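Here is the structure we will look at, set down as structure tokens.
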Amino acid sequence: MPRSAARRGAKDGWWWVLEVDIRKFFDTIPRQRLLEVLRQRVRDGVILRLIAKWLHAGVAEEGLTTHPDTGTPQGGVVSPILARAQRAIWDWLKANRHLPFGDQQVGLIRRLTGHYNYYALRGNLLSVWKFYDAAIRAWKRWLSRRSDKAGMTWSRFNRIRVRFPLPMPSIRVRSERAA
């Protein structure tokens, strides 16, 4: 298929052919982040446990079974579903990168606050900070891609963050209801 497309392009006057392959995409997906995203979208604990088992299943190659620490099992039924779930966290920023900073701030505050309310419990604060850091980096990344100009520097991005601050993670204490 790629060769036939290249031939068609040559006939149409194109001189260059670029073939792109995302190498080792499934091998590099961070499992914890993926499971955090899934917990936001999937309410059924049985399904979440099943997905976690799929993620930690061994990979059999040439008669040898290995248990990698990162990535998702390739060729499994669940692989495309897991890859899409991880991307969902960045899609909002990508789709809304051209909105004014204030509108982006409101959307990010809603998403971060919802995440904190659910996950910011004792013993889980480190993972919530990682989520916050990932959100900050994603925001800078998509703001850098707003135009053809040079990407946004961290210095400029930090000035934007001062003017449009995001809530920082803190432990949420859930009160127990009286019986």
- Of the residues that sit in segment 112-122 and are buried (at least 17 other Cβ atoms within 10 Å of the Cβ) and part of a helix (DSSP H, G or I), which one is modelled with the lowest pLDDT? 119
- Message: Can you tell me which residue is farthest from residue 34 (Cα to Cα) among those in segment 133-154 that are among the aromatic types (Phe, Trp, Tyr) and open to solvent by 20 Å² or more (accessible area, probe 1.4 Å)?
- Response: 154
- Query: Identify, please: which residue in segment 164-179 is at pLDDT 90 or above and either surrounded by fewer than 10 Cβ atoms within 10 Å (Cβ to Cβ) or aliphatic (A, V, I, L, M) (or both) and is, among those, nearest to residue 122 (Cα to Cα)?
  - Reply: 168
- Item | Filter result (farther than 13 Å from residue 139 by Cα and part of a helix (DSSP H, G or I)) within segment 150-166 | 155, 159, 162, 163
- Note on the structure: Of (1) over 20 Å from residue 34 (Cα atoms); (2) surrounded by fewer than 14 Cβ atoms within 10 Å (Cβ to Cβ), residue 157 fails just (2)
- Note on the structure: Flagged pairs (Cβ under 6 angstrom, 6 or more apart or on separate chains; first in segment 129-155, free of Cβ contacts under 8 Å to residues at least 60 places away in the same chain; second polar (S, T, N, Q) and surrounded by 13 or more Cβ atoms within 10 Å (Cβ to Cβ)) are 151/144; 152/144
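The values are calculated or read from the model by the stated rules, or taken from the named source; none is laboratory data. These figures come from a predicted structure and were not determined experimentally. Cβ coordinates were reconstructed from backbone atoms using ideal geometry, including for glycine residues, and neighbour counts include every protein chain displayed. These area figures cover heavy atoms from the full protein model, side chains too; ligands, DNA and RNA do not enter into them. Shrake-Rupley method; radii C 1.70, N 1.55, O 1.52, S 1.80 Å.
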